[in-house]
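Here is the structure we will look at.
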Amino acid sequence: GAVVSQHPSRVICKSGTSVKIECRSLDFQATTMFWYRQFPKQSLMLMATSNEGSKATYEQGVEKDKFLINHASLTLSTLTVTSAHPEDSSFYICSASESDSPLHFGNGTRLTVT
Amino acid sequence: QKEVEQDPGPLSVPEGAIVSLNCTYSNSAFQYFMWYRQYSRKGPELLMYTYSSGNKEDGRFTAQVDKSSKYISLFIRDSQPSDSATYLCAMSQISGGSNYKLTFGKGTLLTVNP
């Protein structure tokens, strides 16, 4: 149980374009999902908390207008990187938990902005 | 001082060796402790989850928590080349809900040589 699916696994886009990443909980409902970012050889850093039916909560230093989060259903959250720049190139990972169980992570999306 | 300290390694061992991975933490409010395994270019996979001091065993893996010393460990017995990955410790103050925030160590890169 507790499978989290993320799509796409890899995306290359040009500077200035927007990219949408999807995160789905496949076998459970998740009122809350979390988006992390991981730079090479670094640990995971929480970007924002996605709440179903309400606004996302962003961590300090994360631009909410740049990283748009939508949690339209209990099984789907999306992260849109708007007007992407090369410095946004990173590994983006979503996670969710069922009830009080530990977090399970998707397989991540490697974003490369050229 | 960082909240969670983890030696990044790299750690290289021969097949069959016992591996010991460790993390220390400074925030005594952490109550839930996890170990994740992350293969290259993949999302973290939950290995062990515990919330009490002492040992928890699952197959070849043993998680140890010492809250009085703020120290957690993961032991891998009879290590295999397939265990080669980055191991991340993570901890949180609560379990579940929209305030469920994990604080990660930097990860230890482990290589098990055949």
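The values are calculated or read from the model by the stated rules, or taken from the named source; none is laboratory data. Just so you know, these numbers come straight off a predicted model, no measurement behind them. Here the Cβ positions follow ideal geometry from the backbone for every residue, glycine too, while neighbour counts run over all protein chains shown. These area figures cover heavy atoms from the full protein model, side chains too; ligands, DNA and RNA do not enter into them. Shrake-Rupley method; radii C 1.70, N 1.55, O 1.52, S 1.80 Å.
I'd like the distance between the alpha-carbon centres of region B:45-86 and region B:1-42, rounded to an integer number of Å.
Result: 9 Å between the Cα centres.
Might you tell me the accessible area per residue for chain B, computed with a 1.4 Å probe and given in Å²? Can you show the working numbers first?
Numbers: 5440 Å² over 114 residues.
Per residue, chain B has an accessible area of 48 Å².
Enter the accessible area of A:K14 (Å², nearest 10), with the probe set to 1.4 Å and all protein chains included.
Here the residue's solvent-accessible area equals roughly 150 Å².
Determine the order of A:S25, A:S5, B:S28 by accessible area, beginning with the largest, at a probe radius of 1.4 Å.
Numbers: A:S25 5, A:S5 45, B:S28 85 Å².
In descending accessible area the options line up as B:S28, A:S5, A:S25.
Heavy-atom accessible area of B:K42 with all protein chains present, probe 1.4 Å, nearest 10 Å²?
Per-residue accessible area (B:K42): approximately 100 Å².
Name the lysines eligible as straight-distance cross-link partners of A:K41: C-alpha to C-alpha under 18 Å, and not fewer than 8 places from it in the same chain.
B:K2, B:K42, B:K106
Limiting things to C-alpha atoms, what are the Rg and the maximum Cα-Cα separation (Dmax) for chain B, in angstroms?
When restricted to Cα atoms, chain B yields Rg and Dmax of 13.6, 43 Å.
How large a share of the accessible area of chain A, in percent, is made up of carbon and sulfur atoms when the probe is 1.4 Å and the other protein chains stay in place?
Details: 2750 of 5580 Å².
Solvent-exposed carbon and sulfur of chain A make up 49 percent of the total.
Name the chymotrypsin sites (Phe, Trp or Tyr not before Pro) in region B:10-73 that are in a loop by DSSP and that have at most 13 other C-beta atoms within 10 Å, would you? Write down the numbers at each step before the final one.
Numbers: sites: B:Y25, B:F30, B:Y32, B:F33, B:W35, B:Y36, B:Y39, B:Y49, B:Y51, B:F61, B:Y71; in loops: B:F30, B:Y39, B:Y51.
Sites meeting the loop and neighbour criteria: B:Y39.
Per-residue accessible area for A:H85 at 1.4 Å probe radius, Å² rounded to 10?
70 Å²
Could you tell me which of rounded, prolate or oblate describes the protein assembly as shown, using a ≥ b ≥ c as the square roots of the eigenvalues of the alpha-carbon gyration tensor, with rounded for a/c under 1.5 and, failing that, prolate when a/b is larger than b/c and oblate otherwise?
On the way: a/c = 1.88, a/b = 1.47, b/c = 1.28.
Because a/c hits 1.5 or more and a/b exceeds b/c, the protein assembly as shown counts as prolate.
Sorting A:E22, B:E5, A:E63 by accessible area (1.4 Å probe), largest first, what list results? If you can, show how the numbers build up before the last one.
On the way: A:E22 55, B:E5 80, A:E63 115 Å².
So, going from the largest accessible area down, we get A:E63, B:E5, A:E22.
Calculate the translational D of chain A in whole µm² s⁻¹ from Stokes-Einstein, where the hydrodynamic radius comes from the Kirkwood formula applied to all Cα pairs, the temperature is 25 °C and the viscosity 0.890 mPa s.
Working: Rh = 13.9 Å.
Estimated diffusion coefficient is 176 µm²/s.
I'd like to know which of B:L21, B:V4, B:G54 lies farthest towards the positive end of the charge dipole of region B:1-74, counting +1 on Cβ of Lys and Arg and -1 on Cβ of Asp and Glu.
B:V4
How big is the A/B interface in buried accessible area, both sides summed, 1.4 Å probe, to the nearest 100 Å²? Could you put the intermediate results ahead of the total?
Details: alone 6450 and 6320 Å², together 11030 Å².
Between A and B, the summed buried area is about 1800 Å².
Using a 4.7 Å Cβ cut-off, which Cys residues in the protein assembly as shown lack a partner cysteine?
Among the cysteines of the protein assembly as shown, those whose Cβ sits 4.7 Å or more from every other are A:C13.
Quote the charge dipole size of chain A about the Cα centre in Debye, to the nearest 20; the model charges only the Cβ of Lys and Arg (+1) and of Asp and Glu (-1). Mind showing how you got there, number by number?
Numbers: 10 positive and 10 negative charges, 83 e Å.
Value, rounded to 20: 400 debye.
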